[in-house]
1. So, of the residues in the range 128-161 that are in contact with a helix residue (DSSP H, G or I) (Cβ under 7 Å, 6 or more places away or on another chain) and part of a loop (DSSP other than H, G, I, E, B), which turns out to be most open to solvent (accessible area, probe 1.4 Å)?
2. I need the full set of residues from the range 190-215 which are in contact (Cβ under 8 Å) with a residue 40 or more places away in the chain and either in contact with a helix residue (DSSP H, G or I) (Cβ under 9 Å, 6 or more places away or on another chain) or assigned to a helix (DSSP H, G or I) (or both), in order please.
3. Just one of the numbered conditions (1) modelled with pLDDT of 80 or more; (2) open to solvent by less than 80 Å² (accessible area, probe 1.4 Å); (3) under 25 Å from Phe220 (Cβ atoms) is not true of Glu172; which one?
4. Out of Lys227, Lys232, report the one residue that is touching a residue at least 12 places away in the same chain (Cβ under 8 Å), open to solvent by 70 Å² or more (accessible area, probe 1.4 Å), touching a helix residue (DSSP H, G or I) at 6+ places or on another chain (Cβ under 9 Å) and under 23 Å from Ser45 (Cβ atoms).
5. I'm checking my understanding of the structure. Among residues of the range 44-60 that are of a type in the set (A, V, I, L, M, F, W, C) and modelled with pLDDT under 80, which one is nearest to Leu148 (Cα to Cα)?
6. Give the range 199-218 a look and list any residue that's surrounded by fewer than 13 Cβ atoms within 10 Å (Cβ to Cβ) and of a type in the set (A, V, I, L, M, F, W, C), or say none.
7. Could you list, in sequence order, the residues of the range 61-101 that are at pLDDT 80 or above, in contact with a Leu (Cβ under 8 Å, 6 or more places away or on another chain) and assigned to a loop (DSSP other than H, G, I, E, B)?
8. Of all residues being among the hydrophobic types (A, V, I, L, M, F, W, C) and under 17 Å from Glu225 (Cβ atoms) in the range 30-46, which is most open to solvent (accessible area, probe 1.4 Å)? Just the residue, please.
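The values are calculated or read from the model by the stated rules, or taken from the named source; none is laboratory data. Predicted, not measured: the structure shown is a model, and the values here were computed from it. Glycine also receives a Cβ, built like all others from the backbone with ideal geometry; neighbour counts cover every protein chain displayed. These accessible areas exclude ligands, DNA and RNA; they are computed on the full protein's heavy atoms, side chains included. Shrake-Rupley method; radii C 1.70, N 1.55, O 1.52, S 1.80 Å.
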Amino acid sequence: MRTPDYLPYVPGSSIKGAIRTAVIYGILKRMKEENEQKFDYSFVSKFEEALRTTPKRKMNRAASHFERILQHYPLTQESRVGPNTDIMRSVRISDTAPLDKDALELRKVHIFNKGKDAHELQKMGIHLECIPAGATLEFDCTVNKTILGDFEKAGKESLPFRKERDLVKACETFSTDLWEFESSYFESERECTRVYDFYRTNKGTIRLGAGSGLAATTIFMLMPESKRHLYKQ
């Protein structure tokens with residue numbers, strides 16, 4: 001995004017969305033590690049059912065069950081699941097400080113798609129405006145202890161976070177798993193040698209913007225391998 005003075009910045013809502021994904025991923029990962037059968041029954045089977053009953057034009061609604069995971073923290077006994085019971089209400093993320101007007105770069109990037117032949121890669125080049133590597137953008141992240149305290153008093157479930165450091169840990173866990181997941185994929189796709197070298201020499205991070213990928217913006221990694229093709233819908 002840009003300010004009225006045309007200075008580029010990253011909106012806090014984008015950063016908070018990435019953190020939200022990491023928090024949901026952490027909750028489900030713990031559930032899967034503790035009781036995989038419960039995870040399959042509570043989420044995978046319900047997701048499959050939602051896919052079967054959802055019209056194709058409204059397919060994105062099938063993922064709403066996962067979105068509600070962070071809304072199961074009632075503030076009163078009568079509370080209904082919804083935005084008011086969303087525990088991420090207690091998290092405030094500011095927009096980043098803006099960069100200089102001419103700080104962005106126009107880069108040509110390549111998209112690879114597998115053709116009908118599994119060994120054939122189709123290559124397409126596009127231009128994207130990017131924040132240059134090495135740039136630093138500062139923002140504020142605050143957990144409102146008063147709001148979080150209200151959730152803690154009313155809720156019977158343990159909270160997924162209690163302070164800012166817990167959010168950082170959630171992002172680190174998600175980032176590490178994502179890096180290992182994608183690194184193993186590109187290791188078998190040796191045609192993309194430059195991408196594979198990138199994974200070998202860099203560390204993981206939370207992704208924002210175009211090209212982030214399905215695994216980086218969803219809980220795709222937790223789905224059973226045999227069901228992942230459904231999630232792509």
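1. Phe139
2. Pass one, the range 190-215, residues in contact (Cβ under 8 Å) with a residue 40 or more places away in the chain: 191-192, 206-211.
Once the filter is applied, which keeps residues that are in contact (Cβ under 8 Å) with a residue 40 or more places away in the chain and either in contact with a helix residue (DSSP H, G or I) (Cβ under 9 Å, 6 or more places away or on another chain) or assigned to a helix (DSSP H, G or I) (or both), the range 190-215 yields Cys192, Ile206, Arg207, Leu208, Gly209.
3. (2)
4. Working: Lys227 fails: open to solvent by 70 Å² or more (accessible area, probe 1.4 Å).
After ruling out the rest, the residue left standing is Lys232.
5. The selected residue is Phe47.
6. Ala210, Leu214
7. Residues satisfying the conditions are Asp86, Thr96, Ala97, Pro98, Leu99, Asp100, Lys101.
8. By that ranking, first place goes to Phe43.
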